[in-house]
């Protein structure tokens, strides 16, 4: 399992939007087969499908979470990005991650006890390498 914490997000439907300064970091992480990127900056919760550094869907790409729903001044979304899988605005909450050697689980929990976003991603590094070579 390879993960990285970045700020600001490369992709975001939030107030600040996409930040191309993260392009090189995304390219390096993608090349080294990272799976997960955690970001903040925008005051929302958003989860993206696995993507390439160009923002295109790739089943073996990088999945980015924007988790900025912990503080004050929560904001609404601008235009939703194409690969945005889940977007929650105006709710304080936290992201709980459980990391495993070949998978990770996520659960977004709001302060009122609701769990509007959760899932599991199982990834095998061997199958990731094979899939990228076939493309």
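Beta bridges per DSSP, both residues in the chain: antiparallel share near 75 percent.
Taking each residue as 0.36 nm, the span from residue 7 to residue 103 lengthens on full extension beyond its C-alpha to C-alpha distance by 32.2 nm. Let me make sure I get this right: for region 3-134, a, b and c are the square roots of the gyration tensor eigenvalues over alpha carbons, sorted descending. Under 1.5 in a/c it's rounded, otherwise prolate if a/b > b/c, else oblate. Which is it? Oblate shape, in that a/c is at least 1.5 and b/c is the bigger or equal ratio.
Helix-derived [θ] at 222 nm for the chain: sum -39500 (n - 2.57) over DSSP H runs of at least 4, divide by residue count, nearest 500? Intermediate results must be reported in sequence, preceding the final value.
Details: 2 runs with 19 residues, N = 135.
Rounded to the nearest 500, it is -4000 deg cm²/dmol.
To the nearest ten degrees, helix 125-134 and the longest principal axis of the Cα atoms of the chain are 70 degrees apart.
Panel order for 112, 42, by other beta carbons found within 10 Å of each beta carbon, from fewest to most: 112, 42.
Bear in mind these aren't lab numbers, they're just calculated from the coordinates by the rules spelled out. Here the structure is a predicted model, which means the values were calculated and not measured. Neighbour counts run over all protein chains shown; Cβ positions are idealised from the backbone, glycine included.
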